[in-house]
1. Do you know which residues across region 30-72 are of a type in the set (D, E) and either farther than 19 Å from A16 by Cα or in a loop (DSSP other than H, G, I, E, B) (or both)?
2. Is there a residue in region 33-40 that is of a type outside the set (V, I, T) and modelled with pLDDT under 60?
Amino acid sequence: MKTSKGTTSSASDNVAVQEKLQHIIDRRDQMYRKGKIGDWKNHLTVVENEMFDEVLAKWPPSKEIPFVYEVQ
């Protein structure tokens with residue numbers, strides 16, 4: 001996986017990010033946060049954002065729920 005500087009991140013970085021994301025997913029029933037469009041940039045690292053983009057690219061887009069990630 002490439003970082004913002006174009007270097008490849010180590011496997012331990014990926015494991016750490018995956019563990020953090022899994023922790024967030026496991027706690028989804030315990031947490032509710034009203035976010036603002038584009039606020040995700042304040043909470044995700046570059047590596048976490050890249051991982052999210054990879055996962056999102058594999059899922060078909062929802063026609064029922066429009067997702068807005070940034071204000072145009």
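1. D39, E64, E70
2. no
The values are calculated or read from the model by the stated rules, or taken from the named source; none is laboratory data. Note that the structure is a prediction, hence the values are computed from the model and not measured.
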